[in-house]
């Protein structure tokens, strides 16, 4: 099950995606934590930084030939490709948007 909670408070964006499932044959849970703020130097809101930069990273994937699937691709399909996922995470980190990932054993059954 995948869930995402996104809050914007006073220009600050909080996202808490939680991904649960199995890895191999073991239950596993990943929590992606993101904290971002308005960037006064570039006058860019945290919402623009977290969504807009992700969008431009996706465009770069296509422009650089790293993602070549035809048609509409939802983010979860693009992210299944490790090279694409890593590219997007690096792209965001270079712009100061940093995710923290915590992996824990998931609940069985």
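Since every read-out is calculated from the coordinates, none of them should be taken as a lab result. What you see is a predicted model; the values in this text were computed from it and never measured. Cβ: placed from backbone, ideal geometry, glycine included. Neighbour counts: every protein chain shown.
Restricting to DSSP H runs of at least four residues, report the calculated mean residue ellipticity at 222 nm for the chain, -39500 (n - 2.57) per run over all residues, nearest 500 deg cm²/dmol. Result for the chain, helices only: -7500 deg cm²/dmol.
Test of understanding: ordering 55, 84 by Cβ neighbours within 10 Å, fewest first, what list do you get?
Numbers: 55 11, 84 20.
Final ranking by Cβ density, sparse to dense: 55, 84.
Cβ crowding within 10 Å ranks 34, 92 as 34, 92, fewest other Cβ atoms first. Rg then Dmax, both in Å and based on the Cα atoms of the chain: 15.3, 48. Taking label points 7 Å from Cα along the Cα-to-Cβ direction, residue 73 and residue 38 give a separation of 3.6 nm. Ordering 28, 95 from the fewest to the most neighbouring beta carbons within 10 Å gives 28, 95.
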